[in-house]
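Trainee: Attaching a single structure in structure tokens format; questions to follow.
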Amino acid sequence: YEFASIAKELGFKGLEYVNQLYPDVMKSSDKQAAIDAFVEKNNRLAAQHGMRNVLIMIDGEGNLSSSDDAERMAAINNHKRWIKAAYEMGCSSVRLNLYGEKDPLKWISNSIMSLSELSGYASELNVNVIVENHGRITSNIPYLMQAITQTNKANCGTLPDFGNFCIAEEGYGSLSDGSCKEFYDPYKGVTEMMPKAFGVSAKSYDFDENGDETTLDYYRLLSIVKDAGYNGHIGVEYEGSRLSEREGIIATKSLLEKAASKL
């Protein structure tokens with residue numbers, strides 16, 4: 001709950017919450033009451049520090065692409081509580097995950113059903129339902145875009161993450177250290193996701209002496225984002241280990257500002 005004050009201190013304007021970082025909510029025996037308290041507290045803190053609530057990232061609330069209908073419906077109901085929370089916080093979107101099935105055809109079909117239900121519910125609250133390339137089959141962008149496009153909901157879209165393009169089911173790893181056994185081209189992937197993007201996540205791993213990212217070409221990636229006509233928030237996510245969390249966040253923000261100034 002220091003998020004708003006620290007984000008303001010570091011020069012940010014918007015807040016993207018991650019529900020799993022709030023154990024008081026996720027481990028509560030009364031989840032709805034805990035979510036209500038989460039909403040009230042974060043609304044108060046955001047207002048106090050002059051910050052805008054932008055997005056809630058939903059993790060740990062069940063497999064929306066499961067072939068088990070009961071499991072999938074339970075996950076849908078869990079996600080609806082967070083969509084309502086996003087509405088009450090003035091967020092434009094929720095980010096969800098599409099896990100639970102490895103077979104591509106079944107995964108696409110199950111994902112369409114869940115996305116259709118959740119996007120229909122969210123539409124009434126003026127909230128977007130967006131999917132991140134979050135590893136494995138969800139980072140196989142042609143499959144992901146099939147699911148999103150076939151949902152046929154205007155508020156169903158994407159959250160392109162610059163770095164999450166490892167599609168290997170076995171030997172899953174990171175693009176930054178070569179441990180990923182199979183990956184989708186990140187520049188092609190971001191290009192394909194941008195037409196449906198309601199958010200962008202600037203992932204970083206490490207930086208050279210000039211402050212440039214050592215794995216990803218931020219100038220090329222931001223050119224793709226700009227050419228798509230995107231003018232929303234860009235979230236910062238440092239996933240490296242050499243710098244501290246604070247140093248990595250500042251370095252990523254500085255690179256974004258430098259790269260943007262040259263476009």
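Trainee: If you take the residues of the range 146-172 that are of a type in the set (D, E, K, R) and in a loop (DSSP other than H, G, I, E, B), which of them is nearest to Met57 (Cα to Cα)?
Mentor: Only one residue tops the list, namely Lys153.
Trainee: Shifting gears a bit: Just to check your reading of the model, which residue among Arg81, Arg72, Arg95 is of a type in the set (D, E, K, R) and touching a strand residue (DSSP E or B) at 6+ places or on another chain (Cβ under 6 Å)?
Mentor: Numbers: Arg81 fails: touching a strand residue (DSSP E or B) at 6+ places or on another chain (Cβ under 6 Å); Arg72 fails: touching a strand residue (DSSP E or B) at 6+ places or on another chain (Cβ under 6 Å).
Sole residue among the options that is of a type in the set (D, E, K, R) and touching a strand residue (DSSP E or B) at 6+ places or on another chain (Cβ under 6 Å): Arg95.
Trainee: Which condition number in (1) open to solvent by 10 Å² or more (accessible area, probe 1.4 Å); (2) of a type in the set (A, V, I, L, M); (3) outside any loop (DSSP other than H, G, I, E, B); (4) under 23 Å from Leu256 (Cα atoms) is the one that Leu175 fails?
Mentor: Against the list (1) open to solvent by 10 Å² or more (accessible area, probe 1.4 Å); (2) of a type in the set (A, V, I, L, M); (3) outside any loop (DSSP other than H, G, I, E, B); (4) under 23 Å from Leu256 (Cα atoms), Leu175 comes up short only on (3).
Trainee: Right, next: Kindly check whether there is at least one residue in the range 136-148 that is open to solvent by 60 Å² or more (accessible area, probe 1.4 Å), at pLDDT 95 or above, of a type in the set (Gly, Ala, Ser) and in contact with a helix residue (DSSP H, G or I) (Cβ under 9 Å, 6 or more places away or on another chain).
Mentor: no
Every residue, every condition in (1) open to solvent by 30 Å² or more (accessible area, probe 1.4 Å); (2) within 17 Å of the chain's Cα centre (by Cα), yes or no:
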position	(1), (2)
Glu71	yes, no
Ile76	no, no
Lys84	yes, no
Tyr99	yes, yes
Met113	yes, no
Val131	no, yes
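Trainee: Being open to solvent by less than 10 Å² (accessible area, probe 1.4 Å), of a type outside the set (Phe, Trp, Tyr) and closer than 19 Å to Tyr218 by Cα is the filter here, so list the residues in the range 159-172 that pass it.
Mentor: Once the filter is applied, which keeps residues that are open to solvent by less than 10 Å² (accessible area, probe 1.4 Å), of a type outside the set (Phe, Trp, Tyr) and closer than 19 Å to Tyr218 by Cα, the range 159-172 yields Leu159, Pro160, Asp161, Gly163, Cys166.
Each row is one residue, and each column tells you yes or no for (1) in a helix (DSSP H, G or I); (2) basic (Lys, Arg).
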position	(1), (2)
Arg44	yes, yes
Val54	no, no
Asn63	no, no
Glu88	yes, no
Arg95	no, yes
Glu117	yes, no
Val129	no, no
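Trainee: Follow-up question, since we're still on this one. Show the residue pairs that are 6+ apart or on different chains and have beta-carbon atoms under 6 Å apart, the first residue being within the range 172-186 and on the phi > 0 side of the Ramachandran plot, the second being at pLDDT 95 or above and open to solvent by less than 40 Å² (accessible area, probe 1.4 Å).
Mentor: Listed pairs, sorted by first residue: none to list.
The values are calculated or read from the model by the stated rules, or taken from the named source; none is laboratory data. Quick caveat, the model's predicted, so the values are computed rather than measured. Please note: Cβ atoms are built from the backbone with ideal geometry, for glycine as well, and neighbour counts cover all protein chains shown. Ligands, DNA and RNA are stripped out before the accessible areas are found, and what is left, the full protein with its side chains, is counted by its heavy atoms. Shrake-Rupley method; radii C 1.70, N 1.55, O 1.52, S 1.80 Å.
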